[in-house]
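These notes concern the structure reproduced below.
Since every read-out is calculated from the coordinates, none of them should be taken as a lab result. Only a predicted model underlies this, so the values are computations on that prediction, with no experimental measurement involved. Note that each Cβ is placed from the backbone with ideal geometry, even for glycine, and that neighbours are counted across all protein chains shown.
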There are 2 protein chains.
Amino acid sequence: MTDNPTSLRPTRQRRAITEALADAADFQSAQDIHDALRHAGDKVGLATVYRTLQAMAEAGEVDVLQGTGGESVYRRCSTHHHHHLVCRSCGRTVEVTGPAVETWADAVAREHDFAEVSHSLELFGICADCR
Amino acid sequence: MTDNPTSLRPTRQRRAITEALADAADFQSAQDIHDALRHAGDKVGLATVYRTLQAMAEAGEVDVLQGTGGESVYRRCSTHHHHHLVCRSCGRTVEVTGPAVETWADAVAREHDFAEVSHSLELFGICADCR
DNA sequence: CTAATTGCAAACGCTTTGCAGGTCC
DNA sequence: GGACCTGCAAAGCGTTTGCAATTAG
C-alpha cells in the first residue's frame, strides 16, 4: 500500500552506520566504518556494514566511488562536494572543487536527457615535491 | 627521446597485449584482454597479462580506471579522449567529450604544481528510456 | 651467459552469501 | 507472530606473488 521504495528498518546498527557516515567528512570504505564503529563501542558485524551501505547506496542515501584498491568508498550525499587531485608518486591528496565541471556535467546530462546525474572525477599527477 | 623509461623487454606476449589494447576501442579489463588473446591464438598467462598491464600503466603507456566491479580497466593512451555517461538503470553508455573539463583539469594541475596530470571522469544518471 | 620474463598455482584482500538466531512492529 | 535484520564463517572474485623453467640480448 504505502509505497516504500526501500524498506529499511531503522535498527540500532543502521543508525550507528548512518552516524558514522555523518561524522566522516570524506569517503570511507566499509571496513573504515566498521573500524570506526567498533572504536566507538558500537558492535556491528562487518557483513552488516556491507549490506547496509549497499542498501543505502541503492536507496540513493549515499554516493559510492571505487577506491584504487578495488574497494568501494561511501559518503553521505549531503557532504560538501569536491574532487581529489592525487599524487601518483607519494599519494598526497589535495581536495579541489570544480564549478566548471559541475556545470558542464549538468549540461551534458540535460543534452542527453539523463536525470539524477552524479559524477565521479579524480585527477592524478606528480606533485611538486616528487619532481 | 626514444629512451626507454622502464626496462620493458619486448617479448611476444607483450606485443600481443599491446596489439590487443590497440584493437580495443574502449576500456578492457585484464581478463578481457586475456580472453581476447586466447581467442586470437596467442597463449599468454593471466598473471603475465596482469603484470604487463601494470607495468605499462606505471610507464604511462596506458590509462587505468577502476571498474564498478572492483576490477581495473585499461586503454591505450593514444585513444581519442572522452568520458562516459552511464545509465544506472539499463547500463546504456554515451560517450561525451568535455573541453571544459580538460581545460579545468589542466588549470587545477598548474595551480597545485602537479605534473603529468591525467584524470578519470564518469557521469551516472537515468536515461530517458528508463524514466 | 645473465638478467628479465613467463606460467602455474597458491595466497590475498575485499565483498557477498547461506543459515540459524535475534529484533522490530 | 511474521517479516526483516544480524552475525558468523565460508565461499566468490579479481588480483598478486613465489618459484622454477624459459627466453631475449
(request) Starting from the amide H of B:CYS127, placed 1.01 Å from N in the peptide plane, find each other amide H under 5 Å away whose residue is 5 or more places distant or on another chain. (result) A:ALA115, B:ARG88, B:SER89, B:CYS90
(message) For a quick check, take a GNM of chain A with Cα springs below 10 Å and name the residue from A:ASP63, A:ASP32, A:ASP113 with the largest mean-square fluctuation.
(response) A:ASP113
(request) Report the charge-dipole magnitude of the protein assembly as shown in Debye, nearest 20, computed about the Cα centre from +1 at each Lys and Arg Cβ and -1 at each Asp and Glu Cβ. (result) 920
(request) Using a Gaussian network model of chain B whose springs link C-alpha atoms within less than 10 Å, name the residue from B:GLU95, B:GLU111, B:GLU71 with the highest mean-square fluctuation. (result) B:GLU111
(request) Beyond 23 Å, what share of the Cα-Cα pairs of chain A is found? Please give it as a whole percent. (result) 45
(message) What are the ³J(HN,Hα) couplings of the range A:62-72, residue after residue, when phi is run through the Karplus curve with 6.51, -1.76, 1.60 and θ = phi - 60°? Round to Hz, x for glycine and proline.
(response) 9, 9, 10, 10, 9, x, 5, x, x, 9, 8
(request) Mind telling me which of A:GLY70, A:GLY98, A:GLY60 comes out most flexible in a GNM of chain A, alpha-carbon contacts under 10 Å? (result) A:GLY70
(message) Given contacts defined as C-alpha pairs under 8 Å and at least six residues apart, what's the relative contact order of chain A, whole-number percent?
(response) 19
(request) Starting from a label point 7 Å past Cα on the Cβ side, list the distances from B:LYS43 to the same position in the other copies, nm, shortest first. (result) 5.5
(message) Can you show me the helix-derived [θ] at 222 nm for chain B, built from DSSP H runs with n ≥ 4 at -39,500 (n - 2.57) apiece and divided by the number of residues, rounded to the nearest 500.
(response) -11500 deg cm²/dmol
(message) Just to confirm the numbers: B:SER29, label point 7 angstrom along the Cα-Cβ line, distances to the other copies in nm, shortest first?
(response) 1.8
(request) Between the label point of B:THR93 and that of the same position in each other copy, find the distances and list them shortest first in nm, with every label point placed 7 Å from Cα along the Cα-to-C-beta direction. (result) 2.5
(request) For every other residue with a beta carbon closer than 14 angstrom to the beta carbon of B:GLN66, add +1 if it is Lys or Arg and -1 if Asp or Glu, then tell me the sum. (result) -4
(request) Work through the residues other than A:ALA36 whose Cβ is under 13 Å from its Cβ and net out their charges, Lys, Arg +1 and Asp, Glu -1. (result) -4
